[in-house]
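What follows is calculated from the coordinates using simple rules that are stated; it is not laboratory data. Quick caveat: nothing in here was measured; it's all calculated off a predicted structure. Every residue, glycine among them, receives a Cβ derived from its backbone with ideal geometry; neighbour counts consider all protein chains shown.
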């Protein structure tokens, strides 16, 4: 587990920068745009991330893999070919998307925002998606070059620049300024990451630029084919997830208005602040480790270590968020967003099941169970969308949290049973006990009445007992390291 914590801490530099700038951006937009403005801006950001997924073609993992191989053997020309092949493929994908958006921008705006007044925003955000996908190529290249320090430095720079930009643009232009920010921040991200890639090339071969390598049609097809084949599953997975989120936000705006989407943004953003610290650890340690293992017992050891990591650390984090949700909303957003507190209990519990699904999904990818992984991911998103469509009519905005919890709980059971039967998955008894204790703790903290001081004290005492009695001495030290580093 020490390696897991170390990986989460090291890769957490860029994640922490993203979290801080995200919190500050959320606070600023909440104050100056209000819940309705935040709802429209959040929807534009969701469309941006969906378009970025399509334009990016899901090839970042493939880029990192093949750049790493070429860089380690000193094949700089091979690295350049990978970069320019990736950029060329993304340009083709963007051209197709742009042609469709140019013709149907009004219809797309009406579908996403329930009005056609944002047709111009659709084209602007699509251009931002191209720059962002280019930046993804450069960041993946830096990781392939084993330059995580440059990766983190670049991300801190362009996130800071973006934060300054949104303040100036919103103050000057209001909601329109937030749309311009999306385009400008994506362009800056590409310029900054390109600079660090060029800088690294310069230190490697004393050349200040990256010359375009000569490439025949056959060579281009060979390079692009390898990258695309590796990224196909990633593209389909990301596209299914972001399209589902886009559908949910669009449906929410249609039934309850932009303000409701602004309230949803509260819990959606909150969950995005803590999940990367765990998912980074999975991709930085668990995925490569399991990929190299062939013995089922060794795989189960790694999975159970990661599972214990989730249960021990995420449980008190979720509990603390639930206890201080009002204070967090006031700190990060504003009093206008306090009605979003009702979303927290079920959504936070759903987040625990989501993280367990993520761990088991990582196991499937590492074991090359690609088709079952894709089918289960698509099925999960379809189930979530269908359940939300039913619940929004009966429960209003609370239907989001209910659908999220039920979907993740059901799909965790489905994937768990699948891996028990086909992948020799075995969960240690100690983890079963911690899972049961965690469920009881979260049920009390999340769902027991919170209007009484005595109950609040009891909940705090339960979280303290978790930290004192459930964690071992070594794990307490790791927890302190995880938080402080």
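Could you list 405, 467, 235 so that the one with the fewest beta carbons within 10 Å of its beta carbon is first and the one with the most is last? Write out the running numbers ahead of the final one.
Details: 405 21, 467 15, 235 18.
By the 10 Å Cβ count, ascending, the order reads 467, 235, 405.
Grab the beta carbon distance between residue 467 and residue 173, set R0 = 35 Å, and tell me the FRET efficiency rounded to 0.05. After rounding to 0.05, the efficiency reads 0.15.
Using a 10 Å cut-off around each Cβ, can you sort 176, 46 from fewest to most neighbouring Cβ atoms?
176, 46
Label-to-label distance, residue 68 versus residue 378, with points set 7 angstrom from Cα along the beta-carbon direction: 2.8 nm. Please identify which residues in the range 234-248 have an amide N closer than 20 Å to a label point set 7 Å out from the Cα of residue 389, following the Cα→Cβ vector. Within reach of a label on residue 389: 239-248. Fully extending the segment from residue 293 to residue 457, taken as 0.36 nm per residue of separation minus the present Cα-Cα distance, adds 54.4 nm. Our summary of shape: the Cα atoms of the chain have principal axis extents of 71, 57, 38 Å, ordered from largest down, in whole angstrom. Cα centroid separation, the range 322-371 to the range 55-131: 28 Å.
For the range 332-461, would you read off the P(r) tail past 24 Å as a percentage of all alpha carbon pairs? Looking at the range 332-461, the distances longer than 24 Å represent 43 percent of pairs. If a spin label sat at a point 7 angstrom from the Cα of residue 31 along the line to its beta carbon, the backbone N atoms of the range 335-352 nearer than 15 Å would be those of 335-337. Working note: Cα atoms of the range 260-485, range along each principal axis, descending, whole Å: 53, 45, 28.
Label sites at residue 342 and residue 437, each approximated as a point 7 angstrom past Cα along Cα to Cβ, lie 3.5 nm apart. For the range 62-162, what does the alpha-carbon gyration tensor say about shape, rounded, prolate or oblate, given a ≥ b ≥ c as the root eigenvalues, a/c under 1.5 as rounded, and a/b over b/c as prolate? Since a/c reaches 1.5 but b/c is at least a/b, the shape of the range 62-162 is classed as oblate. With a Cα-only, solvent-free Debye model of the range 34-94, what are the log10 I(q)/I(0) values at q = 0.13, 0.16, 0.19, 0.23 Å⁻¹? Treating every Cα as an identical point scatterer, log10 I(q)/I(0) equals -0.49, -0.62, -0.73, -0.88.
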